[in-house]
Amino acid sequence: MTLKVGVIGTGMIGQDHIRRLTKVLSGVDVVAVNDIDVKRAASVAPGGAVVFETAGDLIRSETVEAVVICSWGPAHEAQLLDCIAAGKPVFCEKPLVTTAAAARRVIEAEVAFGRRLIQVGFMRRFDGDYRRLKAVIDSGSLGTPLTYRSVHRNASVPAGLYTSDMPLNDTLVHDADISRWLLSDEVKGVEVRLPRRSSRGGDLRDPTLVLLHLASGALVDVEISVNIAYGYDIRGEVSCENGVASLPERPSAVIRDQHGVRQRVPEDWRERFIDAYDQEFREWIAAAGQGTTTGPSTWDGYAATLVADAALRAAETGAFQPITMVAKPGLYDTAIAQAAE
Ligand code: NAP
């Protein structure tokens with residue numbers, strides 16, 4: 001059976017996902033596209049796909065069985081609520097939404113619908129290196145996890161596209177989510193420290209150091225550097241009672257020449273996580289074909305949004321910011337325990 005998908009938002013990642021849905025993965029067909037810039041949508045629409053003037057029309061179209069949202073964060077809430085109203089499985093790029101209140105509204109709508117429909121694009125959970133790291137932690141062979149260090153480095157971010165808060169309201173959600181998932185824990189509070197700014201980042205608060213306080217008492221320190229020039233470098237190391245487990249160096253040819261010994265660093269997220277994006281969609285397509293969804297949930301999107309909000313407050317005040325979550329609906333009980341495969 002072929003899943004008929006409509007893609008909303010045909011910018012950078014929307015185009016990359018259209019490529020994987022049409023050229024890499026099987027069992028799926030892109031039958032509709034929409035972008036606020038209709039000309040852009042038309043220019044990247046795969047052959048045979050209908051270009052819709054509005055996201056709502058695409059979602060309600062009878063030819064669309066499932067939806068992929070790649071518009072910018074502030075547009076996600078209305079599009080997600082429309083998908084729930086239409087009862088259609090939806091893959092939504094991170095962030096789920098941009099405020100905690102919006103996340104609660106989406107949770108309420110999905111709970112009222114009675115079945116999970118939303119998968120959030122936290123692709124690290126589908127990366128082989130992260131899955132092997134989680135398997136080690138979950139096995140208990142190293143004992144209880146005590147600290148986790150998450151390093152998130154981008155070579156650069158497009159000038160003028162983001163506000164100065166970008167590292168905290170856009171980037172940090174990945175580190176928050178993977179910390180919760182790896183350690184099967186919840187974030188209870190956040191501290192932020194802002195060192196001397198990189199002159200490469202303009203107005204951006206960059207780099208940024210974040211300390212996540214987890215419910216178990218474990219601590220996560222996150223380094224976010226979004227203009228570090230040398231490449232896209234994602235690192236992670238869990239320190240446990242009896243040992244340490246970390247993400248490996250990425251496989252790459254070792255070059256020896258007059259400059260020394262070196263290995264290539266991925267250019268950007270598309271290159272580093274190419275297999276993870278493919279896998280998250282393989283699993284989403286399989287579940288959406290059954291009318292449901294899998295992987296990171298609306299609850300996980302809500303948790304990451306709370307961390308981003310708290311981090312922004314912590315950056316403003318310089319003080320520890322506690323996080324309080326609403327009671328977790330039963331619909332999401334198994335979400336954080338999603339097995340490492
Ligand atoms: P982008 O290049 O700016 O693309 C977003 C597209 O959505 C643009 O074409 C934009 O049009 C369009 N759009 C905005 N509002 C819309 C609406 N209401 N309805 C339909 N289309 C709308 O941004 P991007 O880098 O692709 O990012 C898109 C989303 O993916 C963001 O939420 C981002 O955080 C996420 N993302 C995730 C990852 C990951 O690793 N998982 C990586 C990159 C991005 P205009 O340009 O005319 O506004």
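The values are calculated or read from the model by the stated rules, or taken from the named source; none is laboratory data. From a predicted model like this one, the values you see are computed outputs, not experimental measurements. Note that each Cβ is placed from the backbone with ideal geometry, even for glycine, and that neighbours are counted across all protein chains shown. Remember, those area values only see protein heavy atoms, side chains included, never the ligands or the DNA or RNA. Shrake-Rupley method; radii C 1.70, N 1.55, O 1.52, S 1.80 Å.
Length gained on full extension, Ser252 to Ala319: 19.9 nm, using 0.36 nm per residue less the C-alpha separation. Taking a point 7 Å from the Cα of Ser26 along the Cα-to-Cβ direction, the residues of the range 1-16 with backbone N closer than 20 Å to it are 1-5.
Remark: the range 59-153 carries a charge dipole of roughly 400 debye about the Cα centre, counting +1 on each Lys and Arg Cβ and -1 on each Asp and Glu Cβ. Report the GluC sites (Glu not before Pro) located in the range 47-99 that are in a DSSP loop and have at most 13 other Cβ atoms inside 10 Å of their Cβ, or state none. Answer in residue order: Glu53, Glu62. Of the residues Val190, His76, Ala135, the one whose Cα sits farthest toward the positive end of the charge dipole of the chain, with +1 on the Cβ of Lys and Arg and -1 on the Cβ of Asp and Glu, is Ala135. Counting 0.36 nm for each residue step from Leu219 to Arg196 and taking away their Cα separation leaves a gain of 5.9 nm. Surface exposure of the chain, expressed per residue as accessible area with a 1.4 Å probe, stands at 43 Å².
Modelled this way, with points 7 Å down the Cα-to-C-beta line, the labels at Arg132 and Thr54 are 4.9 nm from one another. Per residue of the chain, the DSSP helices (runs of n ≥ 4 H) give a summed -39500 (n - 2.57) that works out to -9500 deg cm²/dmol at 222 nm.
Annotation for the range 70-160: trypsin sites (Lys or Arg not before Pro) lying in DSSP loop with at most 15 further Cβ atoms inside 10 Å of their Cβ are Arg115.
Per-residue extension of 0.36 nm, minus the Cα-Cα distance of Thr163 and Lys4, leaves a gain of 53.7 nm for this segment. Let's see if you can work this out: charge +1 on each Lys and Arg Cβ, -1 on each Asp and Glu Cβ, no other charges. What is the dipole magnitude of the range 209-341 about its Cα centre, in debye to the nearest 20? The calculated dipole for the range 209-341 is roughly 100 debye.
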